[in-house]
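Some notes on the structure that comes next.
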Amino acid sequence: MKVTEHLTKANGKTQFSFEILPPLKGQDIKSIFDNIDPLMEFNPPFIDVTYHREEYVFRELENGLLEKKVVKKRPGTVGICAAIQNKYQVDAIPHILCGGFTKEDTENFLIDLDFLGIQNVMALRGDAVKSETYFKPEKEGNQYASDLVTQVRRMNEGQYLDPDLQNSSKTDFCIGVAGYPEKHMEAPSLDSDIHFLKKKIKAGASYIVTQMFFDNKKYFEFVDKCRAEGITVPIIPGLKPIATKKQLNQIPHRFKVDIPDELIMSVVSCKDNTAVRQVGIDWCIAQSKELIKAKVPVLHYYSMGRSSNIKAVAEAVF
Ligand code: FAD
């Protein structure tokens, strides 16, 4: 079922969902199921599975020269989506990227998803590869998420890349896109970022999932600004409980989001990461309860490979 249909069916009740990462290459799928199993009692209508593009690694050869290798550390997004739908009968949402894909690759990827009965996709640009400062699309690829949304929508209309394909089968994907309450790191301002967010909706996206935030005020202000700009689709908040002291530096650096001073001080005063984990859970519970009161459609949790703290939050709020 499509995300939009799940939201209609819920009739205003806030639902629980989460995002998982494919395991590192070499690990088996059991590690994923072990993370999903404890969360199934909260009846997620859908589960997101991230996509991880290739990375460049350099290996020193015996002669001292460096060999550049392209590796994918977390392959398996499509396989995991199929396995989730099969095992749990829950809709799995693969993330799809502009980065690393030509339009032809994207088309073939979408055909696989369609054949597997996957009805939702989260369309993203992706970040620059680690060795480059700025994002570079493939030569025949999509540059922005709005271009990718357009490609998916065209396939939903039966338009494939080859103009000679006649009477092509129409796909029927519901398309989600990313939104940033604290603006995307490259955007010169929040207003310009929202301008381009609107472009993604106009291109055919039906809902937005936000970057994580730790201050609900940022989410509420973002929703108000989006509505003022005429964006009417559901805006699903993304939440992550802080779990380690290290994350106080890692999260703002990696995701360009602020952590409120009160939360920082509570984490800093913890004697170990067991205490930090509890502080993170309590903060996330408080955020979740306030968001439910505000009647958000879904609370979407970033598991980042671990589900036990998400379960503790869900037990307190669902
Ligand atoms: P876009 O919407 O294309 O925006 C990128 C930047 O370009 C923004 O600054 C925007 O303001 C600007 N912009 C957009 N259109 C235009 C235009 N026409 N002209 C000029 N500027 C423009 N990354 C992964 O690699 N894998 C994942 O699975 C993944 N999942 C994610 C899930 C969520 C919910 C979120 C919030 C992010 C996720 N990301 C993931 C990270 C995402 O790929 C990065 O944040 C990326 O840098 C931007 O992606 P986007 O889709 O928001 O890009």
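Could you pull the Cα extents of region 212-267 along its three principal axes, largest to smallest, in whole Å?
Principal extents (Cα only, largest first): 39, 19, 16 Å.
Going by Cα centres, region 1-46 and region 256-318 are how many Å apart?
Region 1-46 and region 256-318 have Cα centres spaced 18 Å from each other.
Once you have the alpha carbon radius of gyration of region 1-159, what is it after dividing by 2.2 N^0.38 Å, with N set to its residue count?
Against the empirical 2.2 N^0.38 Å value, I get 1.18 for region 1-159.
Equivalent-ellipsoid semi-axes (√(5λ), Cα gyration tensor) for the chain, whole Å, largest first? Could you put the intermediate results ahead of the total?
On the way: eigenvalues 177, 129, 88 Å².
One finds semi-axes of 30, 25, 21 Å for the chain.
Report the Rg/Rh value for region 205-318, based on alpha-carbon coordinates and the Kirkwood definition of Rh.
Numbers: Rg = 14.3 Å, Rh = 14.7 Å.
Here the Rg-to-Rh quotient is 0.97.
Taking neighbour Cβ counts within 10 Å as the exposure measure, how do Ser308, Ser17 sort from fewest upward?
Values: Ser308 13, Ser17 25.
Lowest to highest Cβ neighbour count: Ser308, Ser17.
Compute the separation of the alpha-carbon centres of region 185-214 and region 60-133 and state it in Å as a whole number.
Cα centroid to Cα centroid, the span is 22 Å.
Normalised by the residues of region 153-298, what does the relative contact order come to in percent, with Cα pairs under 8 Å and at least six apart? All intermediate terms of the calculation are to be shown ahead of the outcome.
Details: 178 pairs, mean separation 31.2, N = 146.
Reported relative contact order: 21 percent.
Using only DSSP helix segments of four residues or longer, with each worth -39500 (n - 2.57), what per-residue ellipticity at 222 nm results for the chain after dividing by its residue count and rounding to 500?
On the way: 11 runs with 127 residues, N = 318.
Mean residue ellipticity at 222 nm (helix-derived): -12500 deg cm²/dmol.
Bear in mind that the values in this text are calculations on the coordinates, not laboratory data. None of the values given here were measured: they were computed from a predicted structure. Here Cβ is always computed from backbone atoms with ideal geometry, including for glycine, and neighbour counts include all displayed protein chains.
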